[in-house]
1. Find all pairs meeting these conditions: Cβ atoms under 7 angstrom apart; at least six residues apart or on different chains; first residue within segment 126-137 and assigned by TED's automatic domain parsing to the domain that holds GLY221 and under 11 Å from LEU217 (Cα atoms); second residue among the basic types (Lys, Arg) and not in a helix (DSSP H, G or I).
2. Please find, within segment 7-26, the residue that is surrounded by the most Cβ atoms within 10 Å (Cβ to Cβ) out of those that are at pLDDT below 90 and within 8 Å of the ligand (Cβ to nearest atom).
3. Is segment 57-73 home to any residue that is surrounded by fewer than 17 Cβ atoms within 10 Å (Cβ to Cβ) and among the aliphatic types (A, V, I, L, M)?
4. Quick one: in segment 126-138, which of the residues that are near the ligand (Cβ under 10 Å from one of its atoms) and not aliphatic (A, V, I, L, M) is surrounded by the most Cβ atoms within 10 Å (Cβ to Cβ)?
5. Please determine, by comparing only the residues of segment 139-193 that are touching a Pro at 6+ places or on another chain (Cβ under 9 Å) and farther than 30 Å from ASP107 by Cα, which one is surrounded by the fewest Cβ atoms within 10 Å (Cβ to Cβ).
6. Are there any strands (runs of 3 or more DSSP E) wholly within segment 90-167 with 2 or more residues that are under 29 Å from PRO181 (Cβ atoms) and not polar (S, T, N, Q), and if so which?
7. Residues in segment 79-92: is at least one of a type in the set (A, V, I, L, M, F, W, C) and closer than 26 Å to ILE248 by Cβ?
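The values are calculated or read from the model by the stated rules, or taken from the named source; none is laboratory data. It should be emphasised that the depicted structure is a prediction, and the values quoted were computed from it without experimental measurement. Note that we place each Cβ from the backbone using ideal geometry, even for glycine, and neighbour counts take in every protein chain shown.
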Amino acid sequence: MSSTENPTTSFTAVAPFYDELMKQVPYRMWVGYYLLLLSHQNAHPKTILDVCCGTGTMCEMLTQEGYEMAGVDLAAEMIRIAKKKASRKRLNIHYECADAAEFEMGDTYDAAYSFFDSLNNILDADQLQRAFIQVAKHIKPGGSFIFDVNTAYAFETQLFDQEDLKQRSKLKYKWNGDWDPEKRIITVNMKFWRNGEEFTETHRQRAYTDEELIGMLVQAGFKDIQRFHSYTLNPPRFKSDRLHYTAIKA
Ligand SMILES: C[S@@+](CC[C@H](N)C(=O)[O-])C[C@H]1O[C@@H](n2cnc3c(N)ncnc32)[C@H](O)[C@@H]1O
C-alpha cells in the first residue's frame, strides 16, 4: 500500500476482537482526561462528535455521562459493532461509516474529539488537512476540538513492538513495527491467533510534526491551539510518546 492510500481494510479482521484486545486500555481515565481538557478550555458542550470512533467505547461512556454523542469511522466492521453495542445497551448514539476527510453527519456539534492516535492512520497530509476541515465544518463557532497523536519518538522507540503469547491468553498477538524516518511512516505487521486460527493486519501510521499539525489546524479555522504531554496539563517533553492537542473553532 502506498503512503497515499487509505487503510480501508485496516480494523476489519481485528474488529470482532477489538474490544477484547483493548480490555486493558484505560478508557475511563481517557474520558476523565477529556473532561479535564474541556474544562481547561472553558468548553461546556452538550453535543459531541467522536471522529474515528472505532467500536464506540468512548461514545458510550460519554453518553452515560449525559452528553449527546455521535461517531464516525471509516471501518464498516467497527461501526457495525459500535451500532450493535449501542442497540444492546439501549444507548442513543448516531453512528456513520465514512472517511474523516469526507464525512457528512447532517448536523453540527458543540465539540469534537479523536482519541487513540486515530489521526496518525491518515498517511497523506492533504487528507489530514481535509479531515480537519470536515471536523471544523461540523463544530459550532467557539466549539472545542481535542485529539491525540503518537509522536515520532514513539515510533523511534518501537512503541508498536508488542506481544502477548501467553498460553492462557485467548487472543494471542505479536506486532512488529518498521519505522521509515524519511517518510515518517511506521508499518506495523500484526499477527493474531484465536482458537487456533491465525489472522493478520497491517497498519500504517504517520508521525506529523507540531508545525504541520498547527498549520493544518489554523488552515481549517481553529485557534487557541495548545498541546500537552498526554494525560497531564504539562507541555510536551522530549520523550513524549503521545501528545494531546486542544483547539477552538474560530
Ligand atoms: C486505534 S483505533 C481507535 C478507535 C477509537 N477511537 C478507540 O479509542 O477505541 C483507530 C480507528 O481509526 C479509524 N480510522 C482510520 N483511518 C480513518 C479515516 N481516514 N477516517 C475515519 N476513521 C479512520 C479506524 O477504522 C479505527 O477504528
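1. Final answer for the pair search is ALA136/LYS249.
2. Filtering segment 7-26 for residues that are at pLDDT below 90 and within 8 Å of the ligand (Cβ to nearest atom), the one surrounded by the most Cβ atoms within 10 Å (Cβ to Cβ) comes out as SER10.
3. No; the residues of segment 57-73 include none that is surrounded by fewer than 17 Cβ atoms within 10 Å (Cβ to Cβ) and among the aliphatic types (A, V, I, L, M).
4. Only one residue tops the list, namely GLN134.
5. Once the filter is applied, the top-ranked residue is GLU156.
6. Fully inside segment 90-167 and qualifying: 139-150, 162-164.
7. No, that holds for no residue.
To keep it simple, each residue is scored yes or no on (1) touching a helix residue (DSSP H, G or I) at 6+ places or on another chain (Cβ under 6 Å); (2) modelled with pLDDT of 95 or more; (3) closer than 16 Å to CYS52 by Cβ; (4) more than 12 Å from the ligand (Cβ to nearest atom).
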residue	(1), (2), (3), (4)
GLY66	no, yes, no, yes
SER87	no, yes, no, yes
ARG90	no, yes, no, yes
GLU96	no, yes, yes, no
ALA101	yes, yes, yes, no
SER118	no, yes, yes, no
ASP124	no, yes, yes, no
